[in-house]
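Reviewing the structure listed below.
The values are calculated or read from the model by the stated rules, or taken from the named source; none is laboratory data. Worth saying up front: this structure is predicted, and the values here are computed from it rather than measured. Cβ sites come from the backbone with ideal geometry, for glycine too, and all protein chains shown count toward neighbours. Ligands, DNA and RNA are excluded from the accessible area calculation, which covers all protein heavy atoms including side chains. Shrake-Rupley method; radii C 1.70, N 1.55, O 1.52, S 1.80 Å.
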Amino acid sequence: MNKIKTILKDHYALDHITVSPEQGGWSALAFKVINHKHSYFLKVYEKSRVSTLKWTALIDHYVPIMAWLLDNTGLKGKIPVPLLTINGDYKCEDVDGIYLLYEYINGETIGENKLTEKQVGELSEILAELHLYGEDVPLDTDAVKEDFYVPFLQQLRSTLCKEHNFIPDDVWELINSHNDQINGLIDILEKLSVRLKNSYVRMALCHTDLHNWNLMQSAQQLILIDWEGLKLAPVEADLMFLVDKPYYDKFLNIYRKFHDSFEINPDALQFYQVRRKLEDIWEFIEQLSLDNQNAQERVLTKNYLIKELKDISER
Ligand SMILES: Nc1ncnc2c1ncn2[C@@H]1O[C@H](COP(=O)(O)OP(=O)(O)O)[C@@H](O)[C@H]1O
Ligand SMILES: [Mg+2]
């Protein structure tokens with residue numbers, strides 16, 4: 001905790017604080033920080049994790065967009081408020097981690113719960129508002145613009161041919177029995193990628209990681225958190241998370257009040273659905289092969305991988 005206190009003092013001028021661990025999410029550790037007048041939420045990305053580079057590489061690009069959304073759109077109060085360091089930076093770091101500070105949100109994470117009708121309405125309004133902002137926003141969006149390139153595909157393909165010997169035998173056995181399905185999905189994704197690159201698709205600001213652990217209910221409002229995946233992309237990057245939900249029709253009714261002629265682009269939808277599957281599989285393979293996980297964490301990750309592989313066999 002002392003290290004965190006030093007970081008908060010040196011970079012955010014926060015003194016006389018108490019720091020307590022909170023349940024984190026997928027990518028980072030989380031802490032609640034309190035001083036005499038304010039509460040903060042600190043995300044800590046540990047440099048020892050292979051996924052950290054992926055989650056933190058774009059901080060300097062997506063946090064300014066969040067700041068712009070807070071100042072210029074109807075999303076104020078509906079998304080988290082990032083806080084800058086005393087030097088005006090969006091993050092700070094030491095040898096062990098990368099740190100991002102937010103205002104603390106007093107509220108409940110939706111998590112395992114189902115969304116109520118009111119919450120579905122509020123989620124529709126948040127996304128409909130977000131998707132109003134396209135390529136014409138006065139922001140540098142180059143770094144977060146979708147180019148339909150899938151960086152891990154080559155590696156995944158060569159892993160399946162066992163060109164890489166970094167994969168432990170037990171992991172190799174698991175994936176080897178699903179070789180055909182994974183290769184089939186890689187082929188589909190490559191075709192879609194070429195087709196989308198060569199066609200006009202409207203792009204808008206998208207969150208790209210919509211699930212109930214990234215939604216919190218405050219006293220006033222549903223809040224969409226965890227904007228690490230912020231992109232300028234076809235809106236299917238968000239809608240892929242909703243099309244299978246029982247409330248999708250309700251969602252769409254409200255969404256179409258802002259986007260009246262909206263229709264799903266099936267190519268873009270399938271691109272994101274297949275990419276997500278393969279990305280999860282690849283991330284689990286990487287974690288099992290490269291991360292220093294303890295036995296318990298390893299079993300957990302292996303079970304996730306088994307579930308994903310079972311899922312693609314049933315498609
Ligand atoms: N600003 C905040 N205030 C209070 N709790 C938060 C805040 N942001 C996130 N959380 C809680 O921490 C959890 C993890 O945060 P999240 O940003 O989703 O991290 P990850 O990228 O690791 O998934 C969320 O599910 C939520 O419960
Ligand atoms: Mg999250």
Problem - With every protein chain in place, the chain: carbon and sulfur % of accessible area (1.4 Å) - result: 49
Handout entry: Gained length - His38 relative to Lys3, 0.36 nm times residue gap less alpha-carbon distance
Key = 10.6 nm
Problem - Relative contact order computed over the chain (Cα-Cα under 8 Å; 6+ residues apart), in percent - result: 19
Problem - Solvent exposure of the chain as accessible area per residue, Å², 1.4 Å probe - result: 51
Exercise for the section: Provide the net charge surrounding Ile223, with neighbours chosen by a C-beta distance below 13 Å and charges set as Lys +1, Arg +1, Asp -1, Glu -1. Expected result: -3
Handout entry: Charge sum, other residues only, whose C-beta stays under 12 Å from Arg49's C-beta, Lys/Arg counted +1 and Asp/Glu -1
Key = -4
Problem - Cross-link table Lys78/Lys231; Lys114/Lys245; Lys32/Lys114, entries beyond 21 Å C-alpha to C-alpha - result: Lys32/Lys114
Exercise for the section: Using Cα centres only, tell me the gap between region 220-254 and region 156-218 in whole Å. Expected result: 20
Problem - Segment Leu70-Asp244, extension gain: residue separation times 0.36 nm, minus the distance between their alpha carbons - result: 59.7 nm
Problem - Label-point gap, in nm, between Asn212 and Tyr304 - each point 7 angstrom along Cα→Cβ - result: 1.9
Exercise for the section: Kindly state, to the nearest 0.05, the FRET efficiency for Asn179 paired with Ala143, given R0 = 35 Å and r defined as their beta-carbon distance. Expected result: 0.50
Handout entry: Cα gyration tensor shape for region 1-104, rounded if a/c is under 1.5, else prolate or oblate
Key = oblate
Problem - Label point distance in nm, Asn294-Ser158, each placed 7 Å from Cα along Cα→Cβ - result: 3.5
Exercise for the section: Under 11 Å from the Cβ of Phe241, count the other residues' Cβ atoms, weight Lys and Arg +1, Asp and Glu -1, and hand me the total. Expected result: -2
